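Novice: Structure below; questions to follow.
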Amino acid sequence: MSGIVAIFNIDGRPVVEPLVSGTLDTLEHRGRDDRGIWIGGNIALGHRMRWTTPESQSEKLPFQTPDGRLVITCDARIDNREDLLAQLSFRRTPTSKITDSEIILGAYEKWGEDCPKYLIGDFVFAIWDAKDKKLFCARDTLGLKHFYYYYRPGVIFALASEIKALLQIEKVPKELNEAHLADYLILRSEDKVSTFYKGIERLPANHSLRVTSDRMKISQSWAPRFKELKLRRDTDYQEAFFEKFSQAVNCRLRSAFPIGAMLSGGLDSSAVVCVADRSLRSQNRDRLNTYSAVFPTLAKVDPRIDESRYMNAVIEKTKVSPHFINVDDANPLQNMEKIVWHTDHPVGYLNVYMDSQIFKSCEADGVRSLLTGHDGDTTVTYGYQEFEQLAMRGKLIRMMREARAMSKNIPSRMHSVRRLAWHKGLKPAIPSAIVKAWRIARFWKKSVIDESKVSHPLHLSSVNPGFRSQEDLVRRTEALWEQNSRKGAKPAEHHWNSLTTGLFSNMHEQVEKLAAAFGVEPRHPFFDRRLIEFCVSLPPGQRIYKGWTRSIFRFAMEGILPEAVQWRVDKANLGAHIKMNLLKYGSDEIEAAIGRDSWMIAKYLDAEQLRSAYNEFRSDANRKDPEALLLLTSMYLIKWLEHSGFAQEDRRVALASA
């Protein structure tokens, strides 16, 4: 984990050192181990270093090649080092001393602007090519690292790991992007480019960017091949999955410091912990530190919160060093000002305060790299789509057999044979032309507002109509959805699209910046490109097998996971602790927000709707998920508008117009 800056004065003005230094000062939290600045006339690169890998301890950035042609700054961890070192020519030995930034430069020298497609890992980088007078930048395939940039043709291009650094540059405007704010209000984050600031944008994941004196060009770096995998036996698929999954975990254990892992007791985090533990023990390395949020008191109120049975099963099977973080008495609204300063925008996910407590504990323990189980549900899907795929291929007997087995293994109303075979299988397999003709015959009319695209109806209805109409909000949502999800996509392509949504991109950025506040680098094995390529290529029958969801994962982990975790089919209701503590500790702040401070969001949110939501929430907090989420996101919006200064600007405008 590091912080990077690049400033390119396209108009030829020299970049001065105090300007670069000022931007790096705002990124001090991202790297206190070292700091570097390189200036070459009208171009400058800056870096804040946070050591994580062994190689990073000898890395000096920005780094310039001996011939002076190339200079690089980066925030990168390259996971296919061995493959690349075999293909690239390095004079230095041993190769264990070669840094990831040198590997990126070597790849650029060999493959030019095609180099990002050969790099696997989490990275963003900027390379100044003095020979071609261009700045070349790239972001990793899944967008796990990030940067923000501002471009004014003929004048300036600037990028930084966080927006606050860009705002130190005089020529970068500070203007509220209300279209992006509207996306936040309805919690639809499919826009992969815009930010809360006009003119400041994000390079989309899996894209590269080239800037010269006369233009900027953005290109997609790599495209997956959607070819179905063909192996002989089910056990062959399971063994291949375990190999890919182990590779994804093991390459993320490269660290010069103690390694940590989140452990919730679920299938995903438990699998990461068990595989990481086996690997570390085989190398005689220090124990893995696990971090688990626990709620001793709240679990007595709602036992669904309690995951201790599963956590302890994993701990007993391994040799990990467990750490339990008691968040019983944590206020979900605590440290909001610090959080919005680090994230540069209001936060949109519920577990932010719980994650903060875990990151804080890691910092205290000297853990700089933290493995997570995010988001195994999407990489290794539950597999319900396979009922449709089996139906479309005419494998109706297999489809019915799986439906009956699932109804027995995971009994619930949603898993009745009829629902699985008809609603998940045969009905979706009916050609769309037949469905359309049937609807026309039934005089079916499409609603002006397609609410199927609206994930949070209460948020939608709470937007002030004078700010954005519901029709406008839904149409924008539909346009972004269609832009990011091609119609008629095959199952593998649809699976890939589900992993590269704007929602994931936004969430990764929020988590990464929040972790950076505590000097922690999150590492996500389930977002390893090689593992994802494998999972999207699986044929029908490998995600649901013998009536088990996520079957390839479960069977591949035989003997690795405790059986209680391997075959569990439920999930903890972690949202319950947020709702209970929000009511217990946040009521005064919420009442102030919807009363005294409501002017800050009056332009954007309907105050009466917000008050009504709060009254509903108080009446039965544990059953009011939409209301709790609306209140939480509104509180973060108020805090960010206040912190950023935009609330005061709105007030001045309102007073002037009055």
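Novice: Pull out all pairs, ordered by first then second residue, where Cβ-Cβ is under 7 Å, the residues are six or more apart or on different chains, the first lies in the range 114-139 and is assigned to a helix (DSSP H, G or I), and the second is modelled with pLDDT under 95 and not aliphatic (A, V, I, L, M).
Specialist: Note: pairs meeting the criteria are P116/W222; K117/W222.
Novice: While we're here: Of everything in the range 280-303, what is buried (at least 16 other Cβ atoms within 10 Å of the Cβ) and touching a residue at least 24 places away in the same chain (Cβ under 8 Å)? Give them in sequence order.
Specialist: Once the filter is applied, which keeps residues that are buried (at least 16 other Cβ atoms within 10 Å of the Cβ) and touching a residue at least 24 places away in the same chain (Cβ under 8 Å), the range 280-303 yields L280, L288, N289, T290, Y291, S292, A293, V294, F295, L298, D302.
Novice: Sticking with this structure for a sec: Quick one: which helices (runs of 4 or more DSSP H) lie wholly within the range 385-483 and hold at least 3 residues that are at pLDDT 90 or above, within 32 Å of the chain's Cα centre (by Cα) and not acidic (D, E)?
Specialist: 385-392, 457-462
Novice: Quick check on this structure: which one of A572, A564, A576 is in a loop (DSSP other than H, G, I, E, B) and either touching a helix residue (DSSP H, G or I) at 6+ places or on another chain (Cβ under 7 Å) or surrounded by fewer than 22 Cβ atoms within 10 Å (Cβ to Cβ) (or both)?
Specialist: Testing whether each residue is in a loop (DSSP other than H, G, I, E, B) and either touching a helix residue (DSSP H, G or I) at 6+ places or on another chain (Cβ under 7 Å) or surrounded by fewer than 22 Cβ atoms within 10 Å (Cβ to Cβ) (or both) leaves just A572.
Novice: Hey, which of the strands (runs of 3 or more DSSP E) in the range 1-83, taking only ones fully inside, have at least 2 residues that are of a type in the set (G, A, S)?
Specialist: Qualifying strands (runs of 3 or more DSSP E): 2-8, 43-49.
Novice: In the range 343-358, which residue that is assigned to a helix (DSSP H, G or I) and of a type in the set (S, T, Y) is surrounded by the fewest Cβ atoms within 10 Å (Cβ to Cβ)?
Specialist: S356
Novice: Under 9 Å between Cβ atoms, which residue pairs at least 6 apart in sequence (or on different chains) link something in the range 79-93 that is at pLDDT below 90 with a partner that is in a loop (DSSP other than H, G, I, E, B) and not small (G, A, S)?
Specialist: That search, which allows pairs on different chains as well, returns F90/I98; R92/I98.
Novice: Give just the number: which of (1) within 26 Å of V569 (Cα to Cα); (2) modelled with pLDDT of 95 or more; (3) crowded, with 17+ Cβ neighbours inside 10 Å does S361 not satisfy?
Specialist: (1)
Novice: Then there is this: Y604 - would you say it is under 21 Å from D328 (Cβ atoms), among the hydroxyl-bearing types (S, T, Y), surrounded by 15 or more Cβ atoms within 10 Å (Cβ to Cβ) and not assigned by TED's automatic domain parsing to the domain that holds V327?
Specialist: no
Novice: Output the number of residues of the range 97-133 satisfying the condition of being in contact with an Asp or Glu (Cβ under 6 Å, 6 or more places away or on another chain), of a type outside the set (G, A, S) and closer than 24 Å to R48 by Cβ.
Specialist: The total comes to 4.
Novice: Can you tell which of K145, K174 is closer than 28 Å to S56 by Cβ, at pLDDT 95 or above and among the basic types (K, R)?
Specialist: On inspection, the qualifying residue turns out to be K145.
Novice: Right, something else. Looking at (1) in contact with a strand residue (DSSP E or B) (Cβ under 8 Å, 6 or more places away or on another chain); (2) over 20 Å from D377 (Cα atoms); (3) assigned to a loop (DSSP other than H, G, I, E, B), find the lone condition where A223 falls short.
Specialist: (1)
The values are calculated or read from the model by the stated rules, or taken from the named source; none is laboratory data. Since we're looking at a predicted model, the values are computed, not measured. No Cβ is skipped: glycine too gets one built from the backbone with ideal geometry, and neighbour counts run over all protein chains shown.
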